[in-house]
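The values are calculated or read from the model by the stated rules, or taken from the named source; none is laboratory data. This one's a predicted model, so the numbers in the text were calculated from it and none came from an experiment. Positions of Cβ are generated from backbone atoms using ideal geometry, with glycine treated the same way; all protein chains shown enter the neighbour counts.
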Amino acid sequence: MKLLRFLVISCFVVILDMGQTRCQDPIFSQFYSNPLYLNPALAGSDDCARLMFNYRNQWPSLENNFETYSASADRYFKGLSGGLGLLVIADNIGNGLLNTTRVSGIYSVHLRLSREIYFNAGFEGTFHQQKLNDNQLIFRDMIDPATGTINPGSTLEIPVDNSQVTIPDFSAGFMLGVKEKYYIGLATHHLTQPELKFYNAVNDNFLYRKYTMHAGARINFGGGSYNHRDDDFVFSPNVLYEFQQWSQQINLGIYTEKKPLVVGVWYRYNIGNSDGAIFLAGITQKWFRFGYSYDVTLSKLKGTTGGAHEVSFALLVNCNKKRNKPGAIKCPEF
(Lines give C-alpha, C1' and ligand atoms only; values in the text may rest on other atoms or scores of the structure.)
Protein backbone atom coordinates (compact mmCIF):
# COMPACT_ATOMS: atom_id res chain seq x y z
CA MET A 1 0.00 0.00 0.00
CA LYS A 2 2.89 2.38 0.72
CA LEU A 3 4.28 1.63 -2.71
CA LEU A 4 0.95 2.50 -4.34
CA ARG A 5 0.79 5.74 -2.38
CA PHE A 6 4.29 6.57 -3.52
CA LEU A 7 3.41 5.89 -7.16
CA VAL A 8 0.33 8.09 -7.11
CA ILE A 9 2.20 11.03 -5.56
CA SER A 10 5.26 10.53 -7.72
CA CYS A 11 3.24 10.70 -10.95
CA PHE A 12 2.63 14.35 -10.15
CA VAL A 13 6.05 15.05 -8.66
CA VAL A 14 8.08 13.71 -11.57
CA ILE A 15 6.28 16.21 -13.81
CA LEU A 16 7.17 19.03 -11.43
CA ASP A 17 10.75 17.79 -11.40
CA MET A 18 10.82 18.33 -15.17
CA GLY A 19 9.93 22.00 -14.68
CA GLN A 20 6.39 21.71 -16.01
CA THR A 21 2.93 21.00 -14.65
CA ARG A 22 0.56 19.32 -17.06
CA CYS A 23 -2.88 18.83 -15.57
CA GLN A 24 -5.76 16.99 -17.16
CA ASP A 25 -9.27 18.06 -16.20
CA PRO A 26 -11.33 15.73 -14.00
CA ILE A 27 -13.66 13.42 -15.88
CA PHE A 28 -17.22 12.28 -15.15
CA SER A 29 -18.61 9.04 -16.53
CA GLN A 30 -22.17 10.36 -16.27
CA PHE A 31 -21.51 13.17 -18.74
CA TYR A 32 -25.06 14.41 -19.15
CA SER A 33 -25.85 14.36 -15.43
CA ASN A 34 -23.32 17.20 -15.19
CA PRO A 35 -24.31 19.15 -18.32
CA LEU A 36 -22.78 22.51 -17.39
CA TYR A 37 -19.39 20.84 -16.94
CA LEU A 38 -19.71 19.03 -20.26
CA ASN A 39 -20.70 22.04 -22.36
CA PRO A 40 -21.73 25.58 -21.30
CA ALA A 41 -24.25 25.61 -24.17
CA LEU A 42 -26.39 23.20 -22.12
CA ALA A 43 -27.24 25.84 -19.50
CA GLY A 44 -31.03 26.14 -19.36
CA SER A 45 -31.49 23.36 -21.92
CA ASP A 46 -34.09 21.48 -19.88
CA ASP A 47 -37.77 22.30 -19.45
CA CYS A 48 -37.12 22.47 -15.69
CA ALA A 49 -34.86 24.48 -13.46
CA ARG A 50 -32.22 22.06 -12.18
CA LEU A 51 -30.15 21.65 -9.02
CA MET A 52 -27.51 18.99 -9.69
CA PHE A 53 -24.97 17.24 -7.48
CA ASN A 54 -22.22 14.85 -8.58
CA TYR A 55 -19.56 12.85 -6.77
CA ARG A 56 -16.81 10.69 -8.28
CA ASN A 57 -14.39 8.44 -6.38
CA GLN A 58 -11.72 7.20 -8.78
CA TRP A 59 -9.35 4.35 -7.85
CA PRO A 60 -10.79 3.81 -4.33
CA SER A 61 -8.44 0.88 -3.68
CA LEU A 62 -5.50 3.29 -3.54
CA GLU A 63 -4.69 5.03 -0.29
CA ASN A 64 -4.35 8.35 -2.13
CA ASN A 65 -7.12 8.31 -4.72
CA PHE A 66 -8.92 10.97 -6.75
CA GLU A 67 -12.18 12.52 -5.55
CA THR A 68 -14.24 15.09 -7.43
CA TYR A 69 -17.32 16.96 -6.22
CA SER A 70 -19.65 19.06 -8.33
CA ALA A 71 -22.70 21.22 -7.62
CA SER A 72 -24.56 23.20 -10.25
CA ALA A 73 -27.82 24.99 -10.96
CA ASP A 74 -29.36 26.29 -14.17
CA ARG A 75 -32.63 27.62 -15.56
CA TYR A 76 -34.07 28.99 -18.80
CA PHE A 77 -35.19 32.64 -18.70
CA LYS A 78 -37.58 33.77 -21.40
CA GLY A 79 -36.59 37.40 -20.97
CA LEU A 80 -32.96 36.53 -21.70
CA SER A 81 -33.78 34.18 -24.57
CA GLY A 82 -31.45 31.70 -22.93
CA GLY A 83 -30.26 30.01 -19.79
CA LEU A 84 -28.14 30.98 -16.80
CA GLY A 85 -26.02 28.53 -14.85
CA LEU A 86 -23.71 28.30 -11.85
CA LEU A 87 -21.14 25.51 -11.54
CA VAL A 88 -18.79 24.66 -8.65
CA ILE A 89 -16.13 21.94 -8.99
CA ALA A 90 -13.83 20.69 -6.21
CA ASP A 91 -11.14 18.16 -7.13
CA ASN A 92 -8.86 16.42 -4.61
CA ILE A 93 -5.80 14.54 -5.87
CA GLY A 94 -3.64 12.33 -3.64
CA ASN A 95 -5.35 12.99 -0.29
CA GLY A 96 -4.81 16.73 -0.44
CA LEU A 97 -1.61 16.85 -2.49
CA LEU A 98 -3.30 19.00 -5.16
CA ASN A 99 -6.70 20.65 -4.66
CA THR A 100 -8.55 22.44 -7.44
CA THR A 101 -11.60 24.67 -7.01
CA ARG A 102 -13.56 26.14 -9.92
CA VAL A 103 -16.53 28.51 -9.67
CA SER A 104 -18.18 29.30 -13.01
CA GLY A 105 -20.95 31.57 -14.20
CA ILE A 106 -22.57 30.58 -17.52
CA TYR A 107 -24.91 32.17 -20.05
CA SER A 108 -26.35 30.25 -23.00
CA VAL A 109 -28.35 31.90 -25.75
CA HIS A 110 -31.09 29.73 -27.33
CA LEU A 111 -32.13 30.21 -30.96
CA ARG A 112 -34.61 28.51 -33.24
CA LEU A 113 -33.04 28.37 -36.70
CA SER A 114 -35.96 26.63 -38.40
CA ARG A 115 -38.99 24.55 -37.54
CA GLU A 116 -36.82 21.52 -36.78
CA ILE A 117 -33.41 22.97 -35.88
CA TYR A 118 -32.47 24.52 -32.52
CA PHE A 119 -29.15 26.14 -31.66
CA ASN A 120 -27.56 27.04 -28.30
CA ALA A 121 -24.31 28.95 -27.77
CA GLY A 122 -22.83 29.09 -24.27
CA PHE A 123 -20.17 31.27 -22.64
CA GLU A 124 -18.46 30.59 -19.31
CA GLY A 125 -16.32 32.70 -16.99
CA THR A 126 -14.47 30.90 -14.20
CA PHE A 127 -12.56 31.58 -11.01
CA HIS A 128 -9.90 28.83 -10.98
CA GLN A 129 -7.75 28.09 -7.94
CA GLN A 130 -5.20 25.34 -7.34
CA LYS A 131 -3.46 24.61 -4.04
CA LEU A 132 -0.34 22.45 -3.83
CA ASN A 133 0.54 20.85 -0.49
CA ASP A 134 4.26 20.82 -1.22
CA ASN A 135 5.24 19.07 2.00
CA GLN A 136 3.83 15.89 0.42
CA LEU A 137 6.06 16.14 -2.64
CA ILE A 138 8.59 13.37 -3.20
CA PHE A 139 11.52 14.08 -5.52
CA ARG A 140 13.92 11.56 -7.00
CA ASP A 141 16.87 12.53 -4.84
CA MET A 142 14.82 11.87 -1.70
CA ILE A 143 14.66 8.14 -2.49
CA ASP A 144 17.47 5.79 -1.42
CA PRO A 145 18.19 3.74 -4.58
CA ALA A 146 19.21 0.71 -2.53
CA THR A 147 16.37 0.47 0.00
CA GLY A 148 13.67 2.69 -1.46
CA THR A 149 13.52 4.64 1.79
CA ILE A 150 12.26 8.22 1.47
CA ASN A 151 14.38 10.88 3.23
CA PRO A 152 12.36 14.15 3.25
CA GLY A 153 15.32 16.39 4.16
CA SER A 154 17.68 15.13 1.48
CA THR A 155 16.33 16.90 -1.60
CA LEU A 156 18.16 19.68 -3.44
CA GLU A 157 15.01 20.72 -5.27
CA ILE A 158 13.94 24.34 -4.93
CA PRO A 159 10.63 24.70 -3.05
CA VAL A 160 7.70 26.01 -5.05
CA ASP A 161 7.33 29.79 -5.07
CA ASN A 162 3.53 29.76 -4.98
CA SER A 163 1.67 26.93 -3.31
CA GLN A 164 -1.65 28.56 -4.30
CA VAL A 165 -2.43 29.83 -7.79
CA THR A 166 -5.58 31.77 -8.71
CA ILE A 167 -6.42 32.63 -12.33
CA PRO A 168 -9.41 33.65 -14.48
CA ASP A 169 -10.52 31.12 -17.07
CA PHE A 170 -12.97 31.20 -19.98
CA SER A 171 -14.81 28.55 -21.99
CA ALA A 172 -17.40 28.40 -24.76
CA GLY A 173 -19.51 25.86 -26.62
CA PHE A 174 -22.47 25.32 -28.88
CA MET A 175 -25.21 22.75 -29.25
CA LEU A 176 -27.40 21.84 -32.23
CA GLY A 177 -30.65 19.88 -32.04
CA VAL A 178 -32.31 18.49 -35.18
CA LYS A 179 -35.81 17.04 -35.65
CA GLU A 180 -36.26 16.52 -31.91
CA LYS A 181 -34.11 13.39 -32.18
CA TYR A 182 -30.50 14.26 -32.99
CA TYR A 183 -28.02 16.48 -31.23
CA ILE A 184 -24.38 17.44 -31.52
CA GLY A 185 -22.28 19.70 -29.34
CA LEU A 186 -18.79 21.18 -29.36
CA ALA A 187 -17.04 22.89 -26.46
CA THR A 188 -13.64 24.43 -25.82
CA HIS A 189 -12.54 24.92 -22.22
CA HIS A 190 -9.60 27.10 -21.08
CA LEU A 191 -9.75 29.30 -24.19
CA THR A 192 -6.86 31.54 -23.15
CA GLN A 193 -4.73 28.69 -21.74
CA PRO A 194 -4.02 30.58 -18.49
CA GLU A 195 -0.65 30.03 -16.85
CA LEU A 196 -0.30 28.15 -13.56
CA LYS A 197 2.79 29.68 -11.93
CA PHE A 198 3.80 27.42 -9.06
CA TYR A 199 7.36 28.45 -9.99
CA ASN A 200 7.92 32.11 -10.90
CA ALA A 201 10.79 31.27 -13.26
CA VAL A 202 8.81 28.73 -15.28
CA ASN A 203 6.79 30.16 -18.16
CA ASP A 204 5.18 27.08 -19.72
CA ASN A 205 2.87 25.71 -17.01
CA PHE A 206 -0.45 26.21 -18.75
CA LEU A 207 -3.99 25.05 -18.22
CA TYR A 208 -4.20 23.56 -21.69
CA ARG A 209 -7.30 23.84 -23.85
CA LYS A 210 -9.73 20.95 -23.71
CA TYR A 211 -11.81 20.21 -26.81
CA THR A 212 -15.01 18.22 -26.43
CA MET A 213 -17.33 16.80 -29.08
CA HIS A 214 -20.47 14.93 -28.10
CA ALA A 215 -23.30 13.66 -30.27
CA GLY A 216 -26.15 11.21 -30.23
CA ALA A 217 -29.79 10.49 -30.87
CA ARG A 218 -32.98 9.78 -28.93
CA ILE A 219 -35.06 7.13 -30.65
CA ASN A 220 -38.45 6.80 -28.99
CA PHE A 221 -40.16 3.50 -29.74
CA GLY A 222 -43.21 4.75 -27.84
CA GLY A 223 -43.94 7.20 -30.62
CA GLY A 224 -43.06 10.40 -28.75
CA SER A 225 -40.12 12.73 -29.15
CA TYR A 226 -38.75 15.11 -26.51
CA ASN A 227 -41.68 15.13 -24.10
CA HIS A 228 -41.62 12.22 -21.69
CA ARG A 229 -44.61 9.91 -21.38
CA ASP A 230 -45.09 6.85 -19.22
CA ASP A 231 -45.28 4.56 -22.26
CA ASP A 232 -42.05 5.84 -23.82
CA PHE A 233 -39.22 3.40 -24.51
CA VAL A 234 -36.16 5.40 -25.50
CA PHE A 235 -32.99 4.04 -27.07
CA SER A 236 -30.11 6.54 -27.18
CA PRO A 237 -26.72 5.82 -28.83
CA ASN A 238 -24.01 8.37 -28.03
CA VAL A 239 -20.38 9.26 -28.64
CA LEU A 240 -18.04 11.57 -26.73
CA TYR A 241 -14.54 12.67 -27.77
CA GLU A 242 -12.19 14.76 -25.63
CA PHE A 243 -8.72 16.08 -26.41
CA GLN A 244 -6.46 17.97 -23.98
CA GLN A 245 -2.77 18.42 -24.75
CA TRP A 246 -1.48 14.84 -25.06
CA SER A 247 -4.63 13.11 -23.73
CA GLN A 248 -7.32 11.83 -26.14
CA GLN A 249 -10.39 9.91 -25.05
CA ILE A 250 -13.29 8.37 -26.95
CA ASN A 251 -16.44 7.08 -25.24
CA LEU A 252 -19.02 4.99 -27.07
CA GLY A 253 -22.22 3.85 -25.43
CA ILE A 254 -25.98 3.56 -25.29
CA TYR A 255 -28.76 4.46 -22.89
CA THR A 256 -32.12 2.71 -22.71
CA GLU A 257 -35.00 4.29 -20.82
CA LYS A 258 -38.34 2.88 -19.80
CA LYS A 259 -39.71 5.30 -17.26
CA PRO A 260 -38.77 5.42 -14.45
CA LEU A 261 -35.66 3.27 -15.10
CA VAL A 262 -32.59 4.16 -17.15
CA VAL A 263 -29.65 1.85 -17.81
CA GLY A 264 -26.54 2.42 -19.86
CA VAL A 265 -23.25 0.86 -20.85
CA TRP A 266 -20.18 2.63 -22.21
CA TYR A 267 -16.72 1.75 -23.47
CA ARG A 268 -13.96 4.28 -22.78
CA TYR A 269 -10.84 4.22 -24.94
CA ASN A 270 -7.85 6.43 -24.31
CA ILE A 271 -5.94 6.60 -27.58
CA GLY A 272 -3.43 3.76 -27.40
CA ASN A 273 -5.01 2.26 -24.27
CA SER A 274 -8.28 0.39 -23.62
CA ASP A 275 -9.23 2.21 -20.44
CA GLY A 276 -12.55 1.00 -19.06
CA ALA A 277 -16.17 -0.09 -19.27
CA ILE A 278 -18.90 1.95 -17.60
CA PHE A 279 -22.17 0.51 -16.28
CA LEU A 280 -24.98 2.85 -15.22
CA ALA A 281 -28.38 2.55 -13.59
CA GLY A 282 -30.69 5.45 -12.83
CA ILE A 283 -34.18 6.50 -11.80
CA THR A 284 -35.97 9.47 -13.32
CA GLN A 285 -39.12 10.99 -11.86
CA LYS A 286 -41.07 14.22 -12.30
CA TRP A 287 -39.09 16.13 -9.68
CA PHE A 288 -35.79 14.27 -9.29
CA ARG A 289 -33.22 12.03 -10.96
CA PHE A 290 -30.72 9.68 -9.35
CA GLY A 291 -27.93 7.75 -11.04
CA TYR A 292 -25.11 5.42 -10.06
CA SER A 293 -22.30 4.22 -12.30
CA TYR A 294 -19.26 2.02 -11.88
CA ASP A 295 -16.16 2.07 -14.05
CA VAL A 296 -14.47 -1.30 -14.59
CA THR A 297 -10.77 -0.80 -15.32
CA LEU A 298 -9.62 -2.61 -18.47
CA SER A 299 -6.08 -1.24 -18.67
CA LYS A 300 -2.96 -2.70 -17.05
CA LEU A 301 -4.13 -1.16 -13.76
CA LYS A 302 -7.07 -3.57 -13.50
CA GLY A 303 -7.23 -5.45 -10.22
CA THR A 304 -5.26 -2.71 -8.47
CA THR A 305 -7.24 0.52 -8.51
CA GLY A 306 -10.78 -0.60 -7.70
CA GLY A 307 -12.29 1.16 -10.72
CA ALA A 308 -14.41 4.23 -10.00
CA HIS A 309 -17.75 4.96 -8.32
CA GLU A 310 -19.91 7.87 -9.38
CA VAL A 311 -23.23 9.18 -8.04
CA SER A 312 -25.47 11.91 -9.44
CA PHE A 313 -28.61 13.54 -8.09
CA ALA A 314 -30.77 16.26 -9.62
CA LEU A 315 -33.76 18.18 -8.29
CA LEU A 316 -36.19 19.46 -10.93
CA VAL A 317 -38.39 22.48 -10.18
CA ASN A 318 -40.60 24.95 -12.06
CA CYS A 319 -41.02 22.57 -14.98
CA ASN A 320 -42.75 24.05 -18.03
CA LYS A 321 -43.39 21.67 -20.90
CA LYS A 322 -44.93 24.51 -22.94
CA ARG A 323 -41.91 26.77 -22.87
CA ASN A 324 -40.78 25.60 -26.33
CA LYS A 325 -39.93 29.05 -27.67
CA PRO A 326 -37.33 28.42 -29.01
CA GLY A 327 -37.46 24.96 -27.46
CA ALA A 328 -35.37 22.69 -25.26
CA ILE A 329 -32.66 20.45 -26.68
CA LYS A 330 -33.09 17.17 -24.86
CA CYS A 331 -29.95 15.12 -24.34
CA PRO A 332 -29.70 12.01 -22.17
CA GLU A 333 -30.04 12.70 -18.48
CA PHE A 334 -27.11 10.62 -17.22
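Filtered by the rule that a residue be acidic (Asp, Glu), in a loop (DSSP other than H, G, I, E, B) and under 26 Å from ASN205 (Cα atoms), region 126-148 gives no residues.
In contact (Cβ under 8 Å) with a residue 24 or more places away in the chain, part of a strand (DSSP E or B) and either under 30 Å from PHE221 (Cβ atoms) or touching a Leu at 6+ places or on another chain (Cβ under 7 Å) (or both) - does that describe any residue in region 149-164? No, region 149-164 has no match at all. Among the residues of region 169-176, is any surrounded by fewer than 16 Cβ atoms within 10 Å (Cβ to Cβ) and more than 17 Å from the chain's Cα centre (by Cα)? The answer is no, given that none of the residues of region 169-176 is surrounded by fewer than 16 Cβ atoms within 10 Å (Cβ to Cβ) and more than 17 Å from the chain's Cα centre (by Cα). Six or more apart or on different chains, Cβ atoms under 6 Å: show the pairs whose first residue is in region 279-305 and under 15 Å from SER61 (Cβ atoms) and whose second is buried (at least 16 other Cβ atoms within 10 Å of the Cβ) and among the acidic types (Asp, Glu). Listed by first residue and then by second, the contacts come to SER299/ASP275.
Given the criteria of a type in the set (D, E, K, R), touching a strand residue (DSSP E or B) at 6+ places or on another chain (Cβ under 8 Å) and either on the phi > 0 side of the Ramachandran plot or at pLDDT 95 or above (or both), does LYS210 qualify?
On the way: of a type in the set (D, E, K, R): yes; touching a strand residue (DSSP E or B) at 6+ places or on another chain (Cβ under 8 Å): yes; either on the phi > 0 side of the Ramachandran plot or at pLDDT 95 or above (or both): yes.
Yes, satisfied.
Filtered by the rule that a residue be crowded, with 18+ Cβ neighbours inside 10 Å and over 23 Å from LEU207 (Cα atoms), region 99-118 gives SER108, VAL109, HIS110, TYR118. Just so you know, in region 76-94 the residues that are crowded, with 18+ Cβ neighbours inside 10 Å, out of contact with any Phe, Trp or Tyr (no Cβ under 6 Å at 6 or more places or on another chain) and touching a residue at least 60 places away in the same chain (Cβ under 8 Å) include one that is farthest from ASN34 (Cα to Cα), and it is GLY94.
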